[in-house]
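The values are calculated or read from the model by the stated rules, or taken from the named source; none is laboratory data. Here the structure is a predicted model, which means the values were calculated and not measured. Quick reminder, even Gly has a Cβ in these numbers, built from the backbone with ideal geometry, and neighbours come from all protein chains shown. These accessible areas exclude ligands, DNA and RNA; they are computed on the full protein's heavy atoms, side chains included. Shrake-Rupley method; radii C 1.70, N 1.55, O 1.52, S 1.80 Å.
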Amino acid sequence: MEAKNSVSADREQIIEEVSEKIEKDLILLGATAVEDKLQNGVPECIDKLAQAGIKLWVLTGDKMETAINIGFACSLLRQGMKQIIISSDTPEAKSLEKAEDKSAADVAIKEIVLRQLREGETLLASSNENSEAIALIIDGKSLTHALEDDVMDLFLELAIGCASVICCRSSPKQKALVTRLVKTKTGSTTLAIGDGANDVGMLQEADIGIGISGVEGMQAVMSSDIAIAQFWFLERLLLVHGHWCYRRISSMICYFFYKNIAFGFTLFFYEIYASFSGEAAYNDWFLSLYNVFFTSLPVIALGVFDQDVSAKLCLKFPLLYQEGVQNVLFSWKRILGWAFNGVLNATLIFFFCIRAIEYQAFRKGGEVAGLEVLGATMYTSVVWVVNCQMALSISYFTYIQHIFIWGGILLWYLFLLAYGAMDPTLSTTAYKVFVEACAPAPSYWLITLLVLATSLLPYFIYASIQMRFFPMFHQMIQWIRSDGQATDPEYVNVVRQRSLRHTTVGFTARFEASKRLQV
C-alpha cells in the first residue's frame with residue numbers, strides 16, 4: 001500500500017520490487033479467465049474470402065504462441081507451411097535489451113530485424129520458384145522497427161509476397177500504422193474488422209471499417225462504417241451485397257450517361273439542322289421534366305433492386321467478387337460503350353424523325369408537320385427508347401421496376417395530354433399538340449414504333465453476340481440460372497472450375513495440401 005500510494009517518479013519500479021518480494025513460494029488455489037475462442041463459421045468464411053482473391057492479414061495483441069494457434073484454427077496456417085518469424089525475442093536481442101546504452105541497443109535490435117527480413121526475402125524467392133506458400137509472423141517489438149521509414153518498404157514487399165501475415169503483440173497504434181502502410185503503398189482498398197476498443201485506430205484508418213458487436217464493448221461498432229454481429233456475416237456482406245452494390249452503381253452511372261447523351265445529342269443535331277438559329281427542339285417543360293419524372297425513377301430502381309446473380313450463386317462462385325476488384329463493369333471501355341450507344345440512339349432518333357416527317361403530309365388535309373409536332377415526336381421516341389433500354393439492361397425484375405419503366409412512359413402521355421389542354425400562354429408550343437396533331441396521325445405511332453425497334457436493335461445484336469460467344473463470368477452464371485444449363489453437369493462444372501482458383505490459405509488449401517502429401 002505504501003508503494004502504491006507513493007507519488008515519486010519511480011513509483012512503478014517500487015511497486016515491481018515489492019511485488020517480487022511478495023510473490024514467492026505461493027500456492028495457486030485457482031484462477032478465473034474469460035473464454036476467448038473463434039466464433040462459429042470463421043474458417044469457412046476465411047476460405048470463401050481467400051477463394052474470392054482477398055488478401056487476409058491478422059493484427060492481434062495476443063502473444064505469438066496464441067496468434068499462431070489462431071492462425072491454425074482459422075486455416076491461415078497449416079501443417080507443412082513454411083513460416084518466416086520476425087522476432088526480437090531472441091537471446092541476442094534479450095542481451096542487447098539489458099544494455100545500459102538504450103539507443104545503441106535499439107540500433108542493434110533493428111539490425112537483427114533487418115537481417116531477419118532479408119533472410120525472409122531469400123526464403124520467399126526460393127519458395128516462389130517452387131510454388132510453396134509462406135506465412136509471415138512478426139511480433140510487436142520487431143514491428144516497431146519494421147514500420148520505420150527506411151525499413152517499411154522491405155517489410156511490405158515481404159508481407160505482400162507471403163500467403164498470410166500475422167502481426168502479434170501489436171499495439172492499437174501499430175495496427176493503424178500497418179493499415180495505413182498497406183493502403184498508401186499498394187493503392188489497394190483496405191477493409192479492417194475488429195471487435196474491441198484497441199481496434200478503433202485500425203478501423204478508422206482503413207477505407208472501410210467493420211465493427212463486430214459483442215462482449216468486447218461497442219467502441220469498435222461506434223467507430224466503424226458497418227456493424228455486424230458475427231465474423232462470418234462478412235462473407236455475405238462482401239461476396240453477395242458487395243457484388244450487387246458494385247453492379248448496381250456501375251450500371252446506374254453508365255445508364256445516366258447514356259440517357260442524357262441520347263437526349264442531349266438530339267438537341268445538338270437539331271441545332272445543326274436549324275443552322276444554330278436558337279430555335280428550341282422541345283418545349284421548356286419537356287426539357288425540365290426529362291430527368292425528373294420520365295426517365296429518373298427506372299434508374300433509381302436499378303440502383304436499389306437489381307440483382308444479376310442470386311445470393312446462392314454469389315456464394316457458390318466466390319471468384320465473381322473479382323469483377324469489382326478488377327473493375328470489369330466500370331472500366332473506360334464500358335463507359336465509352338454506353339456513351340457510344342447514346343450517340344447512336346440519338347442519331348437514329350433524330351434522322352429517322354426528320355426524314356419521316358419533314359416532307360410528308362402529316363394530317364388528313366395534306367398539311368406537313370410543324371416544329372412542335374417534330375419536337376413531340378422526337379421526345380416521345382427518346383422516352384420510349386431510353387426506358388426500353390433500361391428494360392433490356394435489368395436482370396432482376398420486380399413490380400417496382402415495371403411500374404417505374406412503363407409508368408414513366410405512360411406519365412409522358414398523360415403529361416402531354418394535360419399540359420396541352422392548358423391555356424396557350426402557359427403550354428405555348430405544346431398546346432393541343434397531342435390531341436389535335438399527334439394522336440390522330442397513324443404516322444406518329446408508326447414512327448415511334450419503328451424508331452424504337454431501330455434504336456434498340458444494335459444493342460440487342462451486340463448483347464446477343466457477346467453473351468453467346470464472349471460471355472463474362474457473371475453472364476456464364478446467369479446462363480446457368482436462366483437457360484436451363486443447371487441441368488447440364490458438364491457446363492456447370494466448367495463454370496465451377498473457372499471459379500476455383502489456387503489458394504494458399506483456407507481449409508480448401510489445407511485439404512488440397514493434405515491430399516498431395518498422401519499421394
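How big is region 276-360 by the Kirkwood estimate over distinct Cα pairs, in Å? About 17.2 Å, per the Kirkwood formula over Cα pairs. Distance between the 7 Å Cα→Cβ label points at Ala197 and Leu446: 8.0 nm.
Accessible surface for Tyr459 stands near 50 Å², nearest 10, in the context of the full protein assembly shown (1.4 Å probe).
Two numbers describe the Cα atoms of region 362-477: Rg and Dmax, which are 18.1, 58 Å. Simple point charges give the picture: +1 on the Cβ of Lys and Arg, -1 on the Cβ of Asp and Glu, and for the chain a dipole about the Cα centre of about 1920 debye. Taken over the alpha carbons of region 171-310 as equal point scatterers, the Debye sum produces base-10 log I(q)/I(0) values at 0.15, 0.22 Å⁻¹ of -0.84, -1.21.
About the centre of its Cα atoms, region 111-150 shows a dipole size close to 120 debye [charges on the beta carbon of Lys, Arg (+1) and Asp, Glu (-1) only; nearest 20 debye]. What FRET efficiency would be calculated for the residue pair Leu267, Glu358, taking the C-beta separation as r and a Förster radius of 25 Å, to the nearest 0.05? Efficiency, from the Cβ-Cβ distance: 0.90. Of Leu181, Ser395, Ser171, which is farthest along the charge dipole of the chain in the positive direction, counting Lys and Arg as +1 and Asp and Glu as -1 at C-beta? The Cα lying farthest towards the positive end belongs to Ser395. Note on region 1-122: dipole from Cβ charges, positive end direction compared against Gln51, Thr122, Pro91; the farthest Cα belongs to Gln51.
Along the chain, the longest continuous region that contains none of the trypsin sites (Lys or Arg not before Pro) in a DSSP loop with at most 10 other C-beta atoms within 10 Å is 99-363.
From the helices alone, meaning DSSP H stretches of at least four residues, give me the mean residue ellipticity at 222 nm for the chain, per-run term -39500 (n - 2.57), in deg cm²/dmol to the nearest 500. Working shown, then result.
Details: 25 runs with 310 residues, N = 519.
About -18500 deg cm²/dmol.
Give me the percent of DSSP beta bridges within region 172-320 that run antiparallel, rounded to the nearest 5. Each step should come with its number before you reach the end.
Numbers: 1 of 8 bridges.
Of the beta bridges lying entirely in region 172-320, close to 10 percent run antiparallel.
Once you mark the GluC sites (Glu not before Pro) that are in a DSSP loop and have at most 14 other Cβ atoms within 10 Å, what is the longest gap between them in the chain? Maximal segment without exposed cleavage sites: 368-519.
Shape class for region 1-40: oblate, because the ratio a/c of the largest to smallest gyration tensor axis (alpha-carbon atoms, square roots of eigenvalues) is 1.5 or more and b/c is at least a/b.
Suppose R0 equals 60 Å; then what is the FRET efficiency for Lys183 and Leu426 from their Cβ-Cβ distance, rounded to the nearest 0.05? In this case the efficiency is close to 0.60.
Sequence gap at least 6, Cα distance under 8 Å: using those rules, report the relative contact order of region 321-451 to the nearest whole percent. Walk me through the numbers before you get to the answer.
Numbers: 84 pairs, mean separation 33.3, N = 131.
Dividing the mean separation by the residue count of region 321-451 yields 25 percent.
By accessible area, using a 1.4 Å probe on protein heavy atoms only, the chain has 60% of its surface on carbon and sulfur.
The gain in end-to-end length when the Leu457 to Tyr399 segment is fully stretched comes to 18.3 nm, 0.36 nm per residue minus the alpha carbon separation. Dipole orientation for the chain: of the candidates Phe340, Val18, Asn40, Phe340 has the Cα lying most toward the positive pole (charges on Cβ; Lys, Arg +1; Asp, Glu -1).
Per residue, the accessible area of the chain comes to 54 Å², computed with a 1.4 Å probe over protein heavy atoms only.
Of the cross-linked pairs Lys82/Lys183; Lys37/Lys63; Lys63/Lys175; Lys48/Lys333, those separated by over 23 Å at the C-alpha level are Lys82/Lys183; Lys48/Lys333. When both bridge partners sit in the chain, DSSP labels roughly 10% of those beta bridges antiparallel.
Once the Cα-Cα distance is subtracted from the 0.36 nm per residue extended length, the Val435 to Ile208 segment shows a gain of 76.2 nm. Here the dipole of region 5-157 is about 500 debye; that uses its Cα centre as origin and unit charges on the Cβ of Lys and Arg (positive) and Asp and Glu (negative).
Enter the angle in degrees (range 0 to 90, nearest 10) between the Cα long axis of helix 442-469 and the first principal axis of the Cα atoms of the chain, meaning the one along which they spread out most. Taking the Cα atoms of the chain, the angle to 442-469 is about 30 degrees.
Each part gets one Cα centre, and for region 368-430 versus region 132-173 those centres are 60 Å apart.
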